[in-house]
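Okay, structure first, notes after.
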Amino acid sequence: MSKLDLQPELWVEKYGDYFFYYTMSKVNDRETAKDIVSETFLAGLKSKANFEGRSTEKTWLSSILNRKIVDYYRKINSNKGKSEVKIDYSSQDQDGSWLEEQVSSSDSAENQMENKELGEAILSCLEHINPKHAEIFKMKTMQDYDNDVICKDMGITSSNLWVIIHRARAALASCLDNSWFKT
């Protein structure tokens, strides 16, 4: 299929139901699913000049849809813009996803000191995990690089990106458990 073979005027008819039900299985909310599918078609329309024809139209749109679903979860789980991280030790899970999710807006000197120490502990632990995993983790969670940029720069697939992020979080959680959380 080439760029000329794209038929945006038929996308809703051809793929709308399939994309909607697929998205519903991922987000479990009708309005959100409708919005994500609409955003997918809009993104496809805006980037149709980038379609190289190396996959089918449906596969290409599906990859856009999957990125939109990931973006949705990243947005609702994101606490970007918060000035400090406050860990709730009682709710930590084994894969370390709490590292970016537990945020407090408290400005007490004690919290600031604790967060500075935690930041230093995280940086120290990053030096002790797989260097490639540490670099990708920093790019994603600390430097807020776009997934596509990370994948291109590091020569990995988007699936591999999420596996590496998960492994880095798990390694960091283990390291912090052994070094910083010990009483």
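The values are calculated or read from the model by the stated rules, or taken from the named source; none is laboratory data. Since this is a predicted model, take the numbers as computed values, not measurements. Virtual Cβ from ideal backbone geometry, glycine too; neighbours counted across all protein chains shown.
The set of residues in segment 6-35 being farther than 28 Å from ASN77 by Cα and without any contact (Cβ under 8 Å) to a residue 40 or more places away in the chain consists of GLU9, LEU10, VAL12, GLU13. If you check SER38, SER55, SER47, SER63 for being touching a residue at least 40 places away in the same chain (Cβ under 8 Å), out of contact with any Ser or Thr (no Cβ under 7 Å at 6 or more places or on another chain) and among the polar types (S, T, N, Q), only one passes: SER55.
With respect to the conditions (1) at pLDDT below 85; (2) in a helix (DSSP H, G or I); (3) within 16 Å of LEU161 (Cβ to Cβ), SER63 lacks only one, and its number is (1).
Consider ARG54 carefully, then state whether it is out of contact with any Asp or Glu (no Cβ under 7 Å at 6 or more places or on another chain) and assigned to a loop (DSSP other than H, G, I, E, B). Yes: the conditions hold for ARG54. Note on segment 131-178: residues that are part of a loop (DSSP other than H, G, I, E, B) and either touching a Phe, Trp or Tyr at 6+ places or on another chain (Cβ under 8 Å) or surrounded by fewer than 13 Cβ atoms within 10 Å (Cβ to Cβ) (or both) total 5.
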